[in-house]
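The values are calculated or read from the model by the stated rules, or taken from the named source; none is laboratory data. Bear in mind that the values here come from a model prediction, so they are computed numbers and not experimental data. So basically every Cβ, Gly included, is an ideal-geometry build from the backbone, and we count neighbours across all protein chains shown. Each accessible area value is taken on the protein alone, full model and side chains, heavy atoms only, with ligands, DNA and RNA left out. Shrake-Rupley method; radii C 1.70, N 1.55, O 1.52, S 1.80 Å.
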Amino acid sequence: KDGETSPLVDVGATAAAAKVGVEDADDGGEYHKGLGTEFKFPGDAKKLREASKIKLWTAYLRAHGRHLTLARYPQCTRLIQVGLPNRLRGEMWETLSGSLYLRFANPDVYHSILKEHDGKTSMSTEEIEKDLNRSLPEYAAYQTEQGISSLRRVLTAYSWKNPELGYCQAMNILTAALLIYMSEEQAFWLLEVLCDRLLPGYYSPSMHGTLLDQRVFEALVQRCLPLIHDHFTSVDVQLQVASLPWFLSLFINSMPLIFAFRVIDCFFAMGPKVLFQVGSLSMSLTPHFSLAILKINGEKLLEIQDDGAFIHLMRDYFGSLGDSAHPNSSDPRVKNITNFQELLLVAFREFSIITDDTIISERKRFRANVTSTLESFSKRAAIRNLKFTGRFSKDQCGAIYDLLFKAIWEEPPRGNGVTGSVDSTGRPETRISMNTFKQFLSYVVSWARNEVIVSNGFQQRIQRDVVDHALINRLFYSWDYSGKGALSLQDIVMGLEGVMFNDLMSNIEWFFTLHDKDKDGSLSKDEVLQLSESLLFIFRNERGDAYLGAVSRFMTNAF
């Protein structure tokens, strides 16, 4: 009966664990288990009908395999919608998401990363420390050093494995939830799958994946729930004030944990479309769930007049998910249907038209617009954060920014040129290496490129090729004010400002100093020769040979 002890629930029952078990041993003979085995799983086992679920899953796994051999028949999806048993949840999440394959293919990688970076710090580790005590503080494990340490290790290891992404807020909530049901190594690889494949761009600095799906969700609301969409537009209520946290935390921060985990079960089984379906009904999770949330609360939503009332209504609804959806019904079976069960029903029946192809198509439709908006925001932020612009106007700084990122697109940075570094104040910044600088300079000055007219017999075009010369190298290192071997936007603005607004004598002095390698205030014979070569290089495309005579006279006078 529900609530009674089952052989599968008893962690100490080795025979049962070997049979179908709940915590299998890995190749090293160690059990993979989450914090829930020690600090208890959320919810009441009897009310959640854990024993009945385990019996159903025991029969399915015996018949259709387990782990790498699991065969997913329609019955598997139906069982997942009913709910995974707590002691099988971590295992099934790993299997359904595919992170199990990554863990098997990369043995000991997680522990090696921790060992290699032991004692090291970064901007990401500092941000992680700030958020540790804000990660599911209501759960007992995260009121102890054991739980906090596990969370710290997983987030830190992932930030070192993927330094370009590092750490983003909301990753702590997601990882804290995973660790309730999974070991640290399992959670680490599942986090990799979530950030890289299932929710790409959700946890990046720009959150472009989340913002894109918000646009998709708004479009689905307009299509499926036009009355709600029109009302929100008329009273200027923003869907994102409530739906953004739903998508970012997969409802973990919005719903009671026992219900949020049911949504995550469906998410791993059926993919991101689930978020949209749920949101339509109650406007929370994926498209299915989010649409379902809105529809169920449709009448009340048509009465709200501001964002605050919208958030308050959603909070009250999520708090009532365990209550009866039909408290006044005379039929006991109907009366026992909870608001959460009704949410699932609406999400998967009424919004089954929301398919993976629907989401992919809508993402394609809005991707360019979202990307353009983010690029415009990034450009304004980068120009605003410049400490020195000299005599350049904002528009001119914007033009430099555009050419810089055009060069990065054409010739991505190599070596020391990285796009995920931070400046002295901790702000993210982009730096370019020598190869990208040459591409950038070819857009700015004609002598940094070769131009050849190419004809195919029908039409002609100008082919521009980037050139290589010691002068360009000197410029690069001269403008590397921070000595990092890579140039930032600030370095380039300062470098250009030091040349473009000078009078003739100031530029002569600048050119002289550029070739004064030892900075002793005078040029040696070799340095004069190098300066002459630079002049010949700059004027090589000039018509006639007047410049040759000028350089020759200069060398004669110098020697």
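What nm distance separates the two modelled labels at R380 and D516, each placed 7 Å from Cα along Cα→Cβ?
My value for the distance between the label points is 4.4 nm.
Which aspartates and glutamates, on any chain, are close to K387 with Cα under 12 Å apart, when same-chain ones fewer than 8 places away are left out?
Those aspartates and glutamates meeting the cut-off are D423, D491.
Rank by packing, highest mean first: peptides 345-353, 161-169, 315-323, with packing defined as the count of other Cβ atoms within 10 Å averaged across residues.
Order by mean packing, descending: 345-353, 161-169, 315-323.
Just to verify a number: FRET efficiency for K364 and E509, C-beta to C-beta distance, R0 = 51 Å, to 0.05?
Efficiency computed from Cβ-Cβ geometry: 0.40.
On a 0 to 90° scale, report how tilted helix 470-479 is relative to the longest principal axis of the chain, with both axes built from alpha carbons and the result rounded to the nearest 10.
Its long axis makes an angle of about 60 degrees.
So what are the ³J(HN,Hα) numbers for segment 351-365, from phi and the Karplus equation (6.51, -1.76, 1.60; θ = phi - 60°), rounded to whole Hz, Gly and Pro as x?
Couplings: 10, 5, 5, 7, 10, 4, 5, 4, 5, 4, 5, 5, 4, 4, 5 Hz.
May I ask you to derive the FRET efficiency for E451 and D118 from their Cβ-Cβ distance with R0 = 56 Å, giving the value to the nearest 0.05?
The computed FRET efficiency comes out at 0.55.
Please determine, in degrees from 0 to 90 and to the nearest 10, the orientation of helix 208-224 with respect to the longest principal axis defined by the Cα atoms of the chain, where the helix direction is its Cα long axis.
Approximately 50 degrees, to the nearest 10.
Relative to the Cα centre, what is the charge dipole magnitude of the chain, using +1 at the beta carbon of each Lys and Arg, -1 at the beta carbon of each Asp and Glu, and rounding to the nearest 20 debye?
Around 1160 debye, computed over the chain.
Suppose R0 equals 30 Å; then what is the FRET efficiency for S320 and D108 from their Cβ-Cβ distance, rounded to the nearest 0.05?
0.05
At 1.4 Å probe size, what's the solvent-accessible area of L404? Round to the nearest 10 Å².
My reading of the accessible area for L404 is about 0 Å².
Take the alpha carbon gyration tensor of segment 103-205, find the square roots of its eigenvalues, order them as a ≥ b ≥ c, and report rounded if a/c is under 1.5; if not, report prolate when a/b exceeds b/c, else oblate.
rounded
Between H469 and D356, how many nm apart are label points set 7 Å from Cα along the C-beta direction?
5.5
Express the relative contact order of the chain as a whole percentage, based on alpha carbon pairs under 8 Å and six or more residues apart in sequence.
Once normalised by length, the contact order is 8 percent.
How would you classify segment 68-142 from its alpha-carbon gyration tensor, with a ≥ b ≥ c the square roots of the eigenvalues: rounded for a/c under 1.5, else prolate if a/b is greater than b/c, otherwise oblate?
oblate
Give, in nm to one decimal, the length gained when the segment between L548 and Y101 is fully stretched (0.36 nm per residue of separation minus the Cα-Cα distance).
Length gained, L548 through Y101: 154.2 nm.
Assuming 0.36 nm per residue, please report the length gained on full extension of the stretch R540 to E145 beyond their Cα-Cα distance.
Extra length from R540 to E145 when fully extended: 135.3 nm.
How far is it, in nm, from the label point at Y73 to the one at E126 when both lie 7 Å from their Cα along the line to the Cβ?
5.7
Cα-Cα over 21 Å: which of K115/K161; K47/K335; K120/K161; K406/K517; K394/K438?
Table pairs above 21 Å Cα-Cα are K406/K517; K394/K438.
Given the chain, what percent of its DSSP beta bridges are antiparallel, to the nearest 5?
Roughly 75 percent of the DSSP beta bridges within the chain come out antiparallel.
Residue-wise, which Karplus ³J(HN,Hα) couplings in Hz belong to segment 300-306, taking 6.51 cos²θ - 1.76 cosθ + 1.60, θ = phi - 60°, and x for glycine or proline?
5, 5, 6, 9, 6, 10, 8
Take peptides 527-534, 105-112 and line them up by average Cβ neighbours within 10 Å, highest first, as a rough protection proxy.
527-534, 105-112
With angles folded into 0 to 90 degrees, how steeply does helix 525-538 sit against the dominant principal axis of the chain? Use alpha carbons for both and round to 10.
So the inclination is approximately 70 degrees.
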